[in-house]
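No lab work stands behind these numbers, since they all come straight from the coordinates. Everything quoted here is computed from the prediction, not taken from an experiment. Counting neighbours? That spans all protein chains shown, and the Cβs are built from the backbone with ideal geometry, glycine included.
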């Protein structure tokens, strides 16, 4: 049941009253391919994979594809360009 303001009540929607991950929302990430990340960084896709292996960027598997967060690429470019 929604209140007039459109906000949902603060109680859980499960029979047990516990929080359910099914109703939880995750923050949206803009995931891009290693090829697209390489183009933004002006390096090769293999260099992006090396950055992932070194821990510079976190990799996300989407099926068989490896993706990186575009926000991480932007933050890296900001750090490098400010030096």
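A few comments on the model shown:
- Per-residue Cβ neighbour counts within 10 Å put 36, 83, 58 in the sequence 83, 58, 36, beginning with the fewest.
- Contact order normalised by residue count of region 29-81, Cα under 8 Å, 6+ apart, percent: 43 percent
- Virtual spin-label span in nm between residue 74 and residue 22, 7 Å along Cα→Cβ: 3.5 nm
- In terms of Cα atoms, the Rg and Dmax of region 29-81 work out to 10.0, 33 Å.
- Residues 33, 82, sorted so that the one with the fewest Cβ neighbours within 10 Å comes first: 82, 33
- Spin-label model, residue 50 to residue 82: label points 7 Å out along the Cα-to-beta-carbon direction sit 2.5 nm apart.
- When 78, 69 are sorted by how many other C-beta atoms sit within 10 angstrom of their C-beta, beginning with the fewest, the order is 78, 69.
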